[in-house]
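**Student:** Below you'll find the structure I mean.
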């Protein structure tokens, strides 16, 4: 999904190369809208506002995704630490202390 959002915003050159921005508004994308208002119509405020909206759209998708990935990473580290603690408790148990070092070896 992150890649699709990135490609939808960055597909300006594909639209311009294939259709030249037409017919009408059929191929209007946020990037073509920003370019047309900023450089063709000399409306710098409208172009800057559309660029900020594109940035906020990408941030609205990326921030929750990165948050969930970091949370999953913390869970993996926590579960690994819990597994180590359980193993340490098991090896320090009274049953393990009483067991001979080499149970299969006969003296």
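**Student:** Being outside any helix (DSSP H, G or I), at pLDDT 80 or above and closer than 17 Å to residue 54 by Cβ is the filter here, so list the residues in the range 6-31 that pass it.
**Tutor:** Answer for the range 6-31, where residues must be outside any helix (DSSP H, G or I), at pLDDT 80 or above and closer than 17 Å to residue 54 by Cβ: 27, 28, 29.
**Student:** So residue 34 passes all but one of these: (1) exposed (fewer than 15 other Cβ atoms within 10 Å of the Cβ); (2) in contact with a helix residue (DSSP H, G or I) (Cβ under 9 Å, 6 or more places away or on another chain); (3) modelled with pLDDT of 85 or more. Which condition number does it fail?
**Tutor:** Condition (1) is where residue 34 drops out.
**Student:** So is residue 49 over 16 Å from the mean Cα position of the chain (by Cα) and at pLDDT 90 or above or not?
**Tutor:** Criteria met by residue 49.
The values are calculated or read from the model by the stated rules, or taken from the named source; none is laboratory data. As the structure is a prediction and not an experimental result, all values here were calculated from the model. All Cβ positions, glycine included, derive from the backbone under ideal geometry; neighbour counts span all protein chains shown.
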